[in-house]
Amino acid sequence: VNRVLAILSLAALPGLLAMPAQAQRRVSVQHAIGAGDFVRIHNIAGNVKVTGWDRDSVVATGTVHDTPNERFTVTRAEGGITLGLWDTSVQQATPSVLEVRVPAGAQVYVRTGSSTVFVGSVTGTVDINTVSGMVEVAGTPRDLTVETLSGDVMLDARARVTRARTATGAIRIRGSYADLTATSVSGSITVATPAIERGRFESISGDLRYTGDVARDAVLDFVTHAGAVEFVLPDAPSAEFIVHTYEGELESRFRAPIRYGGGKLKGREMSFTLGQGAARISVRTFKGRVIVRPL
Amino acid sequence: MEHLTESERHDAVDDPSRLSAPAAAHLTACALCAADVAALRRLLASVRALPREMQPPAHTHAAIRAATAASAQGRRMHWSLPAAAAVVLVVASSMITAVVLRVEQARTAVDAPAAAAAATDVRVVAQQAVEQSYADAVAELERAIAEQRTNLAPATLQLLQSNLRTIDAALAEARAALAADPGNAMLNEMLRSGYERKLDVLRSVGAHAGVQL
């Protein structure tokens, strides 16, 4: 009996080994596209890495897991290409790993479920949307949009117009931005760059934190319902602060005197000027605490 | 097809001819973007529908009449200046100037509450219009998501519900504060921010529910 079982086991082995091979497959595709064409990439779970290069072609390689209903596909269309795997009927997808090279000036759209996303060296529009995947963007995209529900977002880019939105994920911002808006519900937003010309940071209960110097003539707005707002600034910043809070408190550890005023906005209005007051920083909270302190 | 960008949505409202063909085609097929654009149109319509001039509230009429009467009396005194002797003129002029100044101060004091009340009423009307516009957009998105909820993972639905609870609690606080302090621009800003976050979350979940694609 043992010998029969052993033979049966050996007979079944190739089939067992083949099972993962059927679900998982290597992909390697290459297509010529225009320098400014769109590239749409879909992946439910796993990892997507997109890198811009100086060739007019898209090359995608990786390991994908087709679902019972959908396979990894590449679709050419006028003006661009769509590749990847998307299946809303799958609740728990097996991770797929995709590495995609795109023309640097391409318009890149990435959509994932839990898949992490990295985009670098793309100079065209970058638009990323995930449910819970972590997102990281570097390079110099012209316009940048990142949206997640619970994934963390890390930006270290140089972009003209940037929008980063999350519900519960954390947003960390470095780099250089002409016009940046970052919003969350309960996720924290941390800004650690002195190179934002116009910035708007909003949350419901997530904390907003700004660390480092402020660009001369920058205009920065911080709005939160209940999150704390903290500024950790160098010794001699040049910024004018205008703080409005309905029920919150302001604590400044700089020596500049706080002016209390009754402006157009009711609640508590406080302002103070650090250095020459070149930048303008506005803070509005319903009940969030505001702290301004030196590094 | 991905959703319209923010500037494309605004173009769709301001000048649809500026939309590219794929963007225009997407707009006709995508419930989410169509809802956004419709909300923007409603918002603009609400703002345009606001009266260019508002009838002051009834309680301000009496105050305005009183102030006008006082001012008119002041003007009558001014125009009835005697033009006789220089000495009399100087003395009278000084007296009248003082009287006019007092009347002006009185008029300002009487008008200020009335003007403030009228301004508050305008802001309340504007706030209600804006809030209604947001509420419509939220309802539209919630409807679209409800139709496609089977496409969403339970974890995503839980995340949606938990975020909506957080946002709704903040909106309720802002609304309650506004009820006690109508027309407060700061509280209106909180209300706007709360609704924007709500729309962000609903749009994001809607996109993943496959509401459009």
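The values are calculated or read from the model by the stated rules, or taken from the named source; none is laboratory data. Fair warning: this is a prediction, and the values are worked out from it, not measured in the lab. Here the Cβ positions follow ideal geometry from the backbone for every residue, glycine too, while neighbour counts run over all protein chains shown.
Can you confirm whether A:Val58 is touching a residue at least 40 places away in the same chain (Cβ under 8 Å) and within 14 Å of chain B (Cβ to nearest Cβ)? Can you show your working first?
Numbers: touching a residue at least 40 places away in the same chain (Cβ under 8 Å): yes; within 14 Å of chain B (Cβ to nearest Cβ): no.
So A:Val58 does not fit the description; no.
Tell me, please, whether a residue that is aromatic (Phe, Trp, Tyr) and closer than 25 Å to A:Ala159 by Cα can be found in the stretch A:214-236. Yes.
A search for C-beta distances below 8 Å between a residue of the stretch B:143-158 that is more than 13 Å from every other protein chain (Cβ to nearest Cβ) and any residue that is crowded, with 17+ Cβ neighbours inside 10 Å and modelled with pLDDT of 90 or more, counting only pairs 6+ apart in sequence or on different chains, returns B:Ala144/B:Gly206.
Of all residues in the stretch A:114-127, those being within 16 Å of the chain's Cα centre (by Cα), within 14 Å of chain B (Cβ to nearest Cβ) and more than 11 Å from A:Val48 (Cα to Cα) number 3. Among residues of the stretch B:164-176 that are in contact (Cβ under 8 Å) with a residue 24 or more places away in the chain, those with a Cβ under 8 angstrom from a residue that is in a helix (DSSP H, G or I) and β-branched (Val, Ile, Thr), sequence gap 6+ or separate chain, pair up as B:Leu164/B:Val201; B:Ile167/B:Val201.
Taking residues in the stretch A:145-170 that are farther than 17 Å from A:Tyr109 by Cβ and away from every other protein chain (no Cβ under 12 Å), and partners anywhere that are among the hydroxyl-bearing types (Ser, Thr, Tyr) and part of a strand (DSSP E or B), the pairs with Cβ atoms closer than 6 Å and at least 6 places apart or on different chains are A:Arg158/A:Ser176.
Of the listed requirements (1) of a type in the set (A, V, I, L, M, F, W, C); (2) within 13 Å of chain B (Cβ to nearest Cβ); (3) without any contact (Cβ under 8 Å) to a residue 24 or more places away in the chain, A:Val108 misses just one: (3). Scanning the stretch A:107-131 for residues that are surrounded by 24 or more Cβ atoms within 10 Å (Cβ to Cβ) and more than 20 Å from A:Leu85 (Cβ to Cβ) yields A:Val122, A:Val126.
Condition check ((1) modelled with pLDDT under 95; (2) under 15 Å from the mean Cα position of the chain (by Cα)) across all residues:
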site	(1), (2)
A:Ala170	no, yes
A:Ala178	no, no
A:Thr181	no, yes
A:Val185	no, yes
A:Val191	no, yes
A:Gly199	no, no
A:Asp207	no, no
A:Gly212	yes, no
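With respect to the conditions (1) more than 24 Å from A:Asp179 (Cα to Cα); (2) within 9 Å of chain B (Cβ to nearest Cβ), A:Thr130 lacks only one, and its number is (1). Take the conditions (1) within 14 Å of chain B (Cβ to nearest Cβ); (2) exposed (fewer than 15 other Cβ atoms within 10 Å of the Cβ); A:Val74 misses just one of them, which is (1). Among the residues of the stretch A:259-282, some residue qualifies, meaning at least one is under 27 Å from A:Ala170 (Cβ atoms) and within 14 Å of chain B (Cβ to nearest Cβ).
Scanning the stretch B:164-198 for residues that are of a type outside the set (Asp, Glu), closer than 22 Å to A:Val243 by Cβ and more than 7 Å from chain A (Cβ to nearest Cβ) turns up B:Leu178, B:Ala180, B:Gly183, B:Asn188, B:Leu191, B:Arg192. With respect to the conditions (1) under 23 Å from B:Leu191 (Cα atoms); (2) within 14 Å of another protein chain (Cβ to nearest Cβ); (3) in a strand (DSSP E or B), A:Gly187 falls short on a single one, namely (3).
In the stretch B:199-209, which residues are small (Gly, Ala, Ser) and more than 7 Å from chain A (Cβ to nearest Cβ)?
Taking the stretch B:199-209 and keeping what is small (Gly, Ala, Ser), we get B:204, B:206-207, B:209.
Within the stretch B:199-209, B:Gly206, B:Ala209 meet the criteria.
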